[in-house]
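Laboratory data are not the source of any read-out in this text; all were calculated from the coordinates shown. All of these numbers come straight from a predicted model, not from anything done at the bench. Positions of Cβ are generated from backbone atoms using ideal geometry, with glycine treated the same way; all protein chains shown enter the neighbour counts.
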Amino acid sequence: MSRRRYHPVRLAMYDWPEVRQETENLERALHEALTDALGLEPDDLVPWPEEISEADIWRQRGVLLTQTCGYPLTHALKGKVRLLGAPHYSADGCEGPRYCSHLIVHRDSPFERLPDLKGKRAAFNGPDSQSGMNTFRHAVAHIAEEQEFFAEVTRSGGHLASMWTVAEGKADVASIDAVCWGLACQEIPELTEQLRPIAQTAPASGLPFITSMQFSQTEADLIAETVKMVLSSPETAKSRERLGIRGFSKLSLDDYDGILQMEQEAEALGYPALA
């Protein structure tokens with residue numbers, strides 16, 4: 001029987017250059033605590049490839065701990081990973097393990113409410129995003145009256161790219177994950193000073209921590225408890241403060257049903273795609 005091998009802890013979702021050192025520090029603390037709790041030896045671990053996408057990280061059978069988005073968890077990754085739970089973030093729009101998105105427009109634009117954006121241009125990060133697409137679609141569905149709402153919808157490739165697209169006048173509105181917005185306000189004020197939020201979307205369970213299906217549920221429970229300990233430890237407080245992390249909650253897949261309900265509600269309202 002071949003030996004099970006694992007990749008080190010990797011937290012790529014909010015790994016911006018501005019907070020790379022704090023992310024590395026937290027990854028290291030989590031990795032050391034988890035390998036100790038699970039009794040893993042150095043030979044049980046293999047490094048990540050130098051070039052690998054977030055989606056490929058999520059799909060690796062040997063992932064020890066990583067973070068994904070709730071929409072892939074309920075769709076492309078369904079039945080392929082073990083859910084652990086979600087961090088608590090301190091950003092505006094976050095409460096415990098839940099978060100929402102901010103609908104942002106240019107600071108100098110005349111728009112005050114989402115209905116004001118009818119016939120305008122929208123940007124979104126990607127079709128598999130809860131915060132940038134699904135919750136945005138859900139918000140628009142309630143006012144679209146079963147018709148296309150925007151004159152143009154542009155896929156940007158990321159939340160920061162969406163923000164720059166609006167700041168540069170190439171789009172009029174975007175839906176930005178509350179954690180990303182909070183980090184951007186803290187780390188890139190020259191960007192966020194050009195923007196302003198006009199509304200918040202419906203909340204959902206936050207970006208989940210996941211592990212490999214190679215671990216048993218008992219082992220996954222141990223991983224979740226270890227993560228909770230590290231994300232409340234005084235030793236990680238400095239890094240967590242910069243990253244806006246206050247704690248961690250163990251969650252079940254049922255806690256992410258709200259994501260599916262948003263999708264189903266938008267479809268029932270005759271607005272199946274952001275348009």
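Laid out as a table, the results:
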{"quantity": "Nearest 10 degrees, 0 to 90: helix 217-230 Cα axis against the chain principal axis", "calculated": "70 degrees"}
{"quantity": "Cα long-axis angle, helix 178-187 against the chain (0 to 90 degrees, to the nearest 10)", "calculated": "90 degrees"}
{"quantity": "Net length gained if the chain between Arg246 and Ala76 were fully extended (0.36 nm per residue, minus Cα distance)", "calculated": "58.3 nm"}
{"quantity": "Among 61-74, 232-245, 112-125, 84-97, the order from most to least packed when residues are scored by Cβ within 10 Å on average", "calculated": "61-74, 84-97, 112-125, 232-245"}
{"quantity": "FRET efficiency estimate (nearest 0.05) - Cβ-Cβ, Ala37 to Arg155, R0 41 angstrom", "calculated": "0.55"}
{"quantity": "Measure of compaction for segment 140-188 (Cα Rg per 2.2 N^0.38 Å)", "calculated": "1.31"}
{"quantity": "Cα-based reach from Lys120 at 18 Å (exclusive), listing lysines while leaving out same-chain residues under 8 positions away", "calculated": "Lys170"}
{"quantity": "Normalised contact order of segment 40-171, rounded percent, pairs of Cα under 8 Å and 6 or more residues apart", "calculated": "21 percent"}
{"quantity": "Counting DSSP beta bridges with both ends in segment 95-203, the antiparallel % (nearest 5)", "calculated": "60 percent"}
{"quantity": "Translational D in µm²/s for the chain (Stokes-Einstein at 20 °C, 1.002 mPa s, Kirkwood Rh from C-alpha pairs)", "calculated": "111 µm²/s"}
{"quantity": "Nearest-0.05 FRET efficiency for Glu148 and Arg113, computed from C-beta distance (R0 25 Å)", "calculated": "0.85"}
{"quantity": "Directionally averaged projected area (convex hull, Cα atoms, segment 95-203), nm²", "calculated": "6.4 nm²"}
{"quantity": "Local net charge near Thr74, Cβ-Cβ under 13 Å (Lys/Arg +1, Asp/Glu -1)", "calculated": "-3"}
{"quantity": "Shape category assigned to segment 162-275 from the gyration tensor of Cα positions, a/c cut at 1.5", "calculated": "oblate"}
{"quantity": "Between 0 and 90°, nearest 10: helix 20-38 axis offset from the chain longest Cα axis", "calculated": "40 degrees"}
